[in-house]
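Step one of this worksheet: look at the structure below.
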Amino acid sequence: MSQVVRERAIGMLTAGMSTRAVALELNVYFSTISRLQRCFREFGSTSNRPHNRRPRVTTPAQDLHIQHLHLQDRLRPATRTAAATIGLHNQRISAQTDRNRLREAHLHAHRPHRGLDLTAVHLCNRLERANAHIRCRLALWRGVLFTDESRFSLFRADGRQRVWCRVGERFADVNVVDRVAHGGGGVMVWAGVCYGQRTQVHFIDGILNAQRYRDEILRPIVVPFIHDHHLMLQHDNAQPHVARICTQFLEAENIPVLGWPAYSPDMSPIEHVWDALAWLGVYDSVFQFLPISSSFAHLLKRSGPTFHRPQSTT
């Protein structure tokens, strides 16, 4: 607290107000007013007591300048600011001093959130789609087949992980996480879900292009399923999905497609299916000891009716 606020707090206490009432009035912690009152009783002053701490190497003006630099450039490293700042006694400050001044201003370093570079057109399309579907009833969404692809790797790359270990155990075998190049293998699958129904799972070997998407997924799986249940197709704007041969094929088969603007958020219910499969244990030991198809059959049997892998027609 500033000296003016301290004197005001002592005046309130002297006038008979309680410690808690003063804390509420000044919007500070109860313990702060309690320590101030105890210090005033012992030393008869509200000023800070003399201390032997290291003097500050920066002036208040430099503190504000440091804050201004990092607010102008949020990705600016502390080492760069420290190298360009001359403190008192013509000494350069350290990067830790720069971080301390930022923390005093309630500026803390965090990992930046990753987001899409959306233009004004993208934002406008997103808003128009949201307004168009905000009042849609359940009957509309019951008639949509939500489809998507997902890749399941043997070893997940979840970013930074932590391990609990004693001193000297950093390189013990139990504290070492195995790392395999390229994820250690995996499987790419396609599936679709709708209200009360779901398609079979299609396992994708290799790269999925527009022709394979039409011949292996749309023609044998999507078209019969939609015609049987009178549904509307939803898929994202992946290049194979919006290729000309696929859009022309869907138009020729009279398959209605739900509009999906570019860079739309992943709000399709099929995303929850992939998350549920992961939670059920796609990345557990069952994936390491069973074949890929057996693992999926085992997991999907635990979650409901089994998906069947289509047999080769060749």
Before we move on, is Arg126 part of a helix (DSSP H, G or I), under 30 Å from Ile207 (Cβ atoms) and at pLDDT below 90?
yes
If we keep just the residues of segment 46-61 that are surrounded by 11 or more Cβ atoms within 10 Å (Cβ to Cβ) and more than 13 Å from Val5 (Cα to Cα), which is modelled with the lowest pLDDT?
Arg56
Cβ-Cβ under 8 Å pairs, at least 6 apart or on other chains, segment 170-199 side not assigned by TED's automatic domain parsing to the domain that holds His241 and part of a loop (DSSP other than H, G, I, E, B), far side surrounded by 16 or more Cβ atoms within 10 Å (Cβ to Cβ) and at pLDDT 85 or above:
none
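Going by the conditions given, is Gln239 out of contact with any strand residue (DSSP E or B) (no Cβ under 6 Å at 6 or more places or on another chain), exposed (fewer than 13 other Cβ atoms within 10 Å of the Cβ) and part of a loop (DSSP other than H, G, I, E, B)? I'd like the intermediate steps shown before the answer.
On the way: out of contact with any strand residue (DSSP E or B) (no Cβ under 6 Å at 6 or more places or on another chain): yes; exposed (fewer than 13 other Cβ atoms within 10 Å of the Cβ): yes; part of a loop (DSSP other than H, G, I, E, B): yes.
Yes; evaluated as a whole, the condition is true for this residue.
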Taking only segment 107-137 into account, find how many residues are under 30 Å from His230 (Cβ atoms), touching a residue at least 12 places away in the same chain (Cβ under 8 Å) and loosely packed, with under 10 Cβ neighbours inside 10 Å.
0
Can you give me the number of residues within segment 12-70 that are within 30 Å of Asp98 (Cβ to Cβ) and not in a helix (DSSP H, G or I)?
16
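The values are calculated or read from the model by the stated rules, or taken from the named source; none is laboratory data. Predicted, not measured: the structure shown is a model, and the values here were computed from it. Note that we place each Cβ from the backbone using ideal geometry, even for glycine, and neighbour counts take in every protein chain shown.
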